[in-house]
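The values are calculated or read from the model by the stated rules, or taken from the named source; none is laboratory data. Predicted, not measured: the structure shown is a model, and the values here were computed from it. Here Cβ is always computed from backbone atoms with ideal geometry, including for glycine, and neighbour counts include all displayed protein chains. Quick note on the areas: whole protein, heavy atoms, side chains included, nothing else; ligands and nucleic acids left out. Shrake-Rupley method; radii C 1.70, N 1.55, O 1.52, S 1.80 Å.
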Amino acid sequence: MRIKKNPAGWWCTVFILCIAAVLHFYAYRAYIARVDTPWPRKTDRLPSAEDIGTETARRIGTHLSEHRRNDFVNVPGQKKSGALRIGCFGDSYTYGAEVAEGCDYPFFLEKKLRQQGNDIEVINFGIKGGGFHQAFILWDEIGRKYDLDCIVIGPVMLDWREERDLTFHPVFSRNIYYYHARYVLRDGNLQRIDVLGRTNRERFQQYYSFFPPWRYLRYDLNPPRFLECLLPPNRELRNPFYYRLSDYMEEGAVINSQLLANMAASGVKLIVTKSDIAAALDYWKIGAGKIYDLLEYSYPARFPYLTLQNHFSSMGNEVVAAVAAYYMQGNAAAEIPLLFFHGQGINVPGRIPGQAPCNLAQFVSATVYIDNVEVGCFVDIKNEFLMRRYNEISKQEYPPQRMVQQLFQSYARDFYQGSILSLLAWPAGHGKSPMLDAVYLALDFEIREGMPVHIRSRRGRRFQEVFIGSIHCFDSSLTMGMVRTKFGLKSCNGNLLEISSEKIREAFFLKDGMDVSVAIDGREVLSGKVGSNGSLHLYPVKLPLKRLRVRGDISLSVDQFADSGNVWFVGVDARNRVIKLPLAAYIKKRERYPFKTPLREPALRGLATGEKKSSLVADTSSVRVGKDAVR
């Protein structure tokens, strides 16, 4: 019997193979050239393997070699008799990224609890760039050995981060150390899926292969490489072959709640902290008040409590630790001294009215002071320059404090050496300082007092322009100022500036998707479109947006500042001439943080006796963590 040939099917197969070959040769090879940088290949051994073991290092996958004095690798497994031991699990916020030694929040937490006469030891289990799945693996395979009496998770570990927990490699970093295992749901139970490859090169080749292995194709929320290589820059696509068709946020809620239940079932008191610094969702509150205590509070996400990459500064970590200490001692609220800023500060004597302004390109160094303490500088919001500097400095393998010091100094020196002639602040929202928390437009021309600011729209051949404000210069001797307008900043994400614009829409009869721009004295500085949420979505035309952030290489505390004072911009030109400009005034006062969910039983009561049978009840009948893992 002769088999009939199907020429149409044969040619269709050949056509598909030819398309795949073209994609592989052009798009995929160009994509690999972008992501396969020399830096991650400097060693084939995971840096954390010697500290936590090879298998655990492969599952966690994060660079853990930069240890602090209070890191778990520097603490013996056996605690002192009668002492209380607390373990802090989280990501880079817990670890203390971008701050000096002794400025991480676990260090401050131990210091504040010891001030009450308690014999307490707080251990730092923070994982830079890690998600909750990795934190659980670290606790399950390492943390159990440390005889912990209390576990504190957070402060931003459980804020929604699907790019870490539902993938094997986060999209925010191409660093080869960040490949990690994750948990998936199988018939209501948890199963761990490990990454492939024993060396860095093998892990990279397996994950970034053109046709990925089955586990990556099915269980990674990131799309496979044969699709991702076709995406334009800054575009994202969910994996169409993902193993669950339901909402991935629901998947994350179920997985996290079961992991939390497993931790609570060990008998250790469990406290989950949640700040509103990120756009967190309440999806993971399952079990709050039953299997763990939930600490919710509003973190001061503003100057001077954030560092260059938006981590907590030393002052920020001190606030986090103080709030946690109040909560763990059974208080109904915390009272924390904070700095509050207003106005533009005092006038500087000796100013000459009408003198020619000094543009910012003339400076070789530019920093910001609070009173007489150097605290920060202006940074790129998009962080392209910052990450490039960070990678360059990381190659020299400095210790953490030396690394952040080098990073800050390079920013202070190099920020103004270019085409930036002026900085113009777009005021932040309610409760923020107009100068310190504003988003700054970097301009390639010199600003002057009273320059008009217009919004332009174009629909076909029809052109409209409306006046929305003017420029106010901070001082006649320096090209820095702010936009005086009633249309405030709504949000800023990377180089995307979102401006509230309901009244502008009414005046212009603007519709969603229309092209709009912002012009200063006729020069276009921002351009974009009208968003569907009633706001203008604008991008800088030439230079990136800037923001004021605090340096992390020194220890800053609210106690070292007076009850009132000033914030100064200090610039030094090539002739070592110093220009000092007041940006804002401050006062120190105590802020009250009431706790939404009170602690059921103080964490410091009865735990030092060795009794770990708390009132926590966890239903773990459907939890099978670490068993039948796919390796």
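Applying both filters, DSSP loop and at most 11 other Cβ atoms within 10 Å, to the GluC sites (Glu not before Pro) of the stretch 224-269 gives Glu236.
When the pairs Lys79/Lys111; Lys269/Lys596; Lys80/Lys111; Lys128/Lys588; Lys486/Lys580; Lys80/Lys128 are compared against a 24 Å limit on Cα-Cα distance, Lys128/Lys588; Lys486/Lys580; Lys80/Lys128 fall above it.
Per-residue SASA remark: Tyr248, around 60 Å² accessible (1.4 Å probe; ligands, DNA and RNA not included). Gain on full extension, evaluated as 0.36 nm per residue between Arg144 and Leu338 minus their Cα-Cα distance, stands at 66.2 nm. With a simple spin-label model that places each label point 7 Å from the Cα along the Cα-to-Cβ direction, the separation between Gln560 and Glu449 comes to 3.6 nm. Considering only alpha-carbon pairs that sit under 8 angstrom and 6 or more positions apart, the relative contact order computed for the stretch 72-133 is 48 percent. Amide H contacts of Tyr593: Ala334, Glu335, Ile336, each under 5 Å away and 5 or more positions distant or on a separate chain (H built 1.01 Å from N in the peptide plane; Pro and chain starts excluded). Here the Karplus relation 6.51 cos²θ - 1.76 cosθ + 1.60, evaluated at θ = phi - 60°, turns the backbone of the stretch 555-568 into coupling constants of 8, 10, 9, 5, 5, 7, 9, 6, 5, 7, x, 9, 9, 10 Hz, with x for every Gly and Pro. When Lys274, Lys486, Lys580 are compared by accessible surface with a 1.4 Å probe, the order from highest to lowest is Lys486, Lys580, Lys274. Distance in nm between label sites at Glu202 and Gln116, each 7 Å beyond Cα in the beta-carbon direction? Each label point lies 7 Å from its Cα, and together they span 4.9 nm. Within the assembled protein chains, the solvent-accessible surface assigned to Ser298 is about 70 Å², based on a 1.4 Å probe. For Glu101, the amide hydrogen comes within under 5 Å of the amide hydrogens of Gln401, counting only partners 5 or more places away or on other chains and with H modelled in the peptide plane. You can think of it this way: the chain between Met249 and Glu591 has 119.7 nm of extra reach, that is 0.36 nm per residue less the Cα-Cα gap. Net length available on complete extension from Thr54 to His67 is 2.9 nm, with 0.36 nm assigned per residue and the Cα-Cα distance removed. Projected label points at Arg456 and Leu185, each 7 Å from Cα along the beta carbon direction, are separated by 5.2 nanometres. Only protein heavy atoms count here; on that basis, with a 1.4 Å probe, Phe211 has an accessible area of about 140 Å².
Put simply, the amide H of Val516, placed in the peptide plane, has neighbours under 5 Å in Gly528, Lys529, Val530, leaving out anything fewer than 5 places away on its chain. Tell me the net charge near Asp521. Cut-off is 12 Å between Cβ atoms, Asp521 excluded, with +1 for each Lys or Arg and -1 for each Asp or Glu. Taking every Cβ under 12 Å from that of Asp521, the sum is -1. For the set Phe363, Phe463, the ranking by accessible area, highest first and with no ligand, DNA or RNA atoms included, is Phe463, Phe363 under a 1.4 Å probe.
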